[in-house]
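Below you'll find the structure, written out as structure tokens, and then a few comments.
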Amino acid sequence: MKVVVCKDYNEMSKIGANIIITEMLKKDVFKIGLATGSTPKKMYEYLIEAYENKVISFKNVLSVNLDEYVGIDFNDNNSYHKFMFDNLFNHVDINKENIFIPTPKENELEKSVEEYNRILDKIGKRNLQVLGMGNNGHIAFNEPSNKLNLRTSVVNLKKETIEANSRFFESEEEVPTKAMSMGIADATNADVILVMASGKGKHYAVKKLINTEVVDLEFPASVLKLKENVILLVDKEAYSGE
Ligand code: GLP
């Protein structure tokens with residue numbers, strides 16, 4: 001795992017975008033896995049800027065997202081569908097047919113999961129996967145547990161995740177308690193894995209990921225230690241905790 005420490009969130013976002021742009025320019029068709037959350041937001045702004053400056057095009061980009069809440073309208077401000085369109089897809093020339101986001105239909109959850117796994121099987125290994133990390137080391141919505149899902153599943157969110165994500169909602173009660181998430185095998189099925197973490201709140205997870213010498217199911221990000229070509233991109237605060 002290569003660790004890159006950046007001076008601040010802005011520098012981290014710029015470097016992250018440059019890593020993606022470099023990989024994008026190598027391929028005729030680029031398959032990318034994308035993440036939501038506050039961490040990659042600024043990086044998406046830099047990707048939009050690169051598109052506007054005609055450095056990159058998304059015409060031949062195929063994109064798959066990690067997760068989505070269950071029981072939330074896809075037009076709701078907190079939906080990951082809306083997040084992706086607002087923060088990236090609506091601003092670039094991506095073909096809407098090449099966008100895949102977990103779509104949990106409440107009365108057909110099993111079917112929704114099967115469908116997404118079929119899509120992932122069809123797409124296969126991505127060229128690059130962007131990952132954030134929860135404060136507790138979750139990746140996508142794979143929470144600390146005594147077992148980790150390999151494939152897409154409907155998962156229960158941990159109390160600490162609901163608390164952490166409540167900053168986006170009016171109250172903690174409004175945060176969905178379930179999500180549909182790629183499993184660990186799918187979330188890490190990429191040639192390059194770009195893990196990003198910013199701010200003091202991520203220090204515990206960053207330190208643990210760097211130092212862990214075991215795969216610890218109570219710390220899902222530790223599975224990244226099994227992978228080659230992982231870049232951990234952090235800002236100073238996340239790295240030092242100060
Ligand atoms: C959320 C998402 C993850 C994301 C993580 C960190 O719960 N499911 O995909 O990486 O938490 O979010 P943030 O970037 O807002 O800190």
Quick one: is Val61 within 14 Å of Ile94 (Cα to Cα) and surrounded by fewer than 15 Cβ atoms within 10 Å (Cβ to Cβ)? no
In the list Asn78, Asn95, which residue meets the criterion of being away from the ligand (no atom under 16 Å from the Cβ) and either polar (S, T, N, Q) or within 15 Å of the chain's Cα centre (by Cα) (or both)? Asn95
Of everything in the range 14-70 that's of a type in the set (Phe, Trp, Tyr) and in contact (Cβ under 8 Å) with a residue 60 or more places away in the chain, which residue is farthest from His138 (Cα to Cα)? Phe30
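In the range 121-147, which residues are more than 16 Å from the ligand (Cβ to nearest atom) and among the aliphatic types (A, V, I, L, M)?
Step one: list which residues in the range 121-147 are more than 16 Å from the ligand (Cβ to nearest atom), which gives 121-125, 127, 146-147.
Result: Ile123, single match.
Taking the range 2-35 as the search range and keeping residues that are part of a helix (DSSP H, G or I) and of a type in the set (A, V, I, L, M, F, W, C), which one is nearest to Ala197 (Cα to Cα)? Walk me through it before giving the result.
Step one: of the range 2-35, the residues part of a helix (DSSP H, G or I) are 9-26.
Filter once more, so that each one left must be of a type in the set (A, V, I, L, M, F, W, C): 12, 15, 17, 19-21, 24-25.
Details: Met12: 9, Ile15: 13, Ala17: 14, Ile19: 15, Ile20: 16, Ile21: 19, Met24: 22, Leu25: 25 Å.
Going through the qualifying residues, I end up with Met12.
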Evaluation of Tyr204 against (1) touching a helix residue (DSSP H, G or I) at 6+ places or on another chain (Cβ under 8 Å); (2) surrounded by fewer than 20 Cβ atoms within 10 Å (Cβ to Cβ); (3) not charged (D, E, K, R) (one fails), failing number: (1)
Looking at the range 31-73 only, could you name the residues that are within 16 Å of the ligand (Cβ to nearest atom), under 26 Å from Thr152 (Cα atoms) and over 14 Å from the mean Cα position of the chain (by Cα)? Val70, Gly71, Ile72
Lys26 among the charged types (D, E, K, R) and under 24 Å from Gly124 (Cα atoms): yes
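Computed from the coordinates by the stated procedures, all read-outs in this text should not be read as laboratory data. Just so it is clear, the model here is predicted, and its values are computed rather than measured. Please note: Cβ atoms are built from the backbone with ideal geometry, for glycine as well, and neighbour counts cover all protein chains shown.
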